[in-house]
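Just below is one structure, and these are the notes that go with it.
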Amino acid sequence: MLTLAFDTATEVAPSALVDDGEVLGERASRAQTLLEDVDALLRQGGAHPSDLEALAVGIGPGSFTGVRIGLAAARGLAVALGTPGAGVSTLDALAAGAPGAVAVVDARRREIFAVVDGVPRALAPADLDVAGGAVCVGSGAVRYRALLEEKGAVVPPDDDERHLPRARFHAALVGELGPVEAIEPLYVREPDAVRSAR
């Protein structure tokens with residue numbers, strides 16, 4: 001199944017073209033260049049947009065605007081091509097690239113996004129349970145390295161590949177396909193606009 005996967009929830013926006021598990025092309029840039037990256041991936045893979053059989057889109061948690069960009073792009077592609085899709089948690093995809101590690105995404109505002117007791121949450125880095133020398137990967141692990149290591153976590157060097165999200169893992173985690181317009185974003189805290197209005 002020829003799958004286009006991408007995630008714009010974090011500062012690094014990965015995208016990949018995957019055919020039955022084989023990575024035909026992969027890029028990592030910014031949300032602003034997503035459609036350029038998609039075009040480059042299709043050219044690199046020798047595919048036409050109409051060849052796509054599935055879309056895998058990152059649903060967050062992450063930047064509110066970033067998540068919206070990814071979902072809007074997926075919906076636009078689905079309308080134009082009639083392609084079904086599935087949403088994939090940004091944290092799950094990051095963790096898939098580092099089996100056994102704790103995925104930690106920088107949530108700004110002195111917070112991180114991580115899975116706690118099976119549920120994605122926004123929390124202070126000091127509140128993350130890393131007992132037993134848990135390996136932590138992702139932008140949050142890099143940013144809060146000193147604090148996490150002080151608590152007993154192991155954080156790989158900043159240039160370690162495990163810190164980077166890879167869209168190939170989004171494609172690998174695709175479950176049941178359905179209408180892209182039914183994919184819901186994964187927000188774990190309220191948008192800034194709502195917070196400001198109060």
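Are any residues in the range 86-103 in a loop (DSSP other than H, G, I, E, B) and not aliphatic (A, V, I, L, M), and if so, which ones?
The answer is S89, G97, P99, G100.
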* Please report, ordered by residue number, the strands (runs of 3 or more DSSP E) entirely within the range 1-70 with at least 3 residues that are touching a residue at least 24 places away in the same chain (Cβ under 8 Å) and surrounded by 19 or more Cβ atoms within 10 Å (Cβ to Cβ). => 2-6, 13-19, 54-58
* So which pairs qualify, if the first residue must be in the range 106-133 and on the phi > 0 side of the Ramachandran plot, the second must be surrounded by 13 or more Cβ atoms within 10 Å (Cβ to Cβ) and in a strand (DSSP E or B), the Cβ gap must be under 7 Å, and the two must be at least 6 apart or on different chains? -> G133/V154
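Assess whether G118 counts as being over 14 Å from the mean Cα position of the chain (by Cα) and more than 23 Å from V18 (Cβ to Cβ).
So G118 fits the description; yes.
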* To do: Specify which of the listed residues (R27, R75) is more than 18 Å from F169 (Cβ to Cβ) and charged (D, E, K, R).
  => R75
* Test each condition in (1) over 19 Å from A107 (Cβ atoms); (2) buried (at least 17 other Cβ atoms within 10 Å of the Cβ) for L148 and report the one that comes out false. => (1)
* To do: Report, by residue number, each residue of the range 107-135 that is surrounded by 22 or more Cβ atoms within 10 Å (Cβ to Cβ) and hydrophobic (A, V, I, L, M, F, W, C).
  => A107, I112, F113, A114, L128, V130
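Conditions (1) touching a helix residue (DSSP H, G or I) at 6+ places or on another chain (Cβ under 9 Å); (2) under 15 Å from L4 (Cα atoms), marked per residue:
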position: P49; (1), (2): yes, yes
position: E53; (1), (2): no, yes
position: R68; (1), (2): no, no
position: T90; (1), (2): yes, no
position: A98; (1), (2): yes, no
position: V102; (1), (2): yes, no
position: A107; (1), (2): yes, no
position: R110; (1), (2): yes, no
* Between a first residue in the range 154-173 that is acidic (D, E) and a second residue that is crowded, with 24+ Cβ neighbours inside 10 Å, which pairs have beta carbons less than 8 Å apart while being 6 or more apart in sequence or on different chains? -> D160/V137
* Structure fact -> Among residues of the range 156-173 being exposed (fewer than 13 other Cβ atoms within 10 Å of the Cβ) and out of contact with any Lys or Arg (no Cβ under 9 Å at 6 or more places or on another chain), the residue farthest from E11 (Cα to Cα) is P157
* Asked: In this structure, does V104 turn out to be within 19 Å of I183 (Cβ to Cβ) and either crowded, with 21+ Cβ neighbours inside 10 Å or modelled with pLDDT under 95 (or both)?
  -> no
* Asked: With (1) buried (at least 17 other Cβ atoms within 10 Å of the Cβ); (2) in contact with a strand residue (DSSP E or B) (Cβ under 6 Å, 6 or more places away or on another chain) as the list, and S89 as the residue in question, which single condition is left unmet?
  -> (2)
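The values are calculated or read from the model by the stated rules, or taken from the named source; none is laboratory data. Keep in mind it's a predicted model, so treat the numbers as computed, not measured. Neighbour counts run over all protein chains shown; Cβ positions are idealised from the backbone, glycine included.
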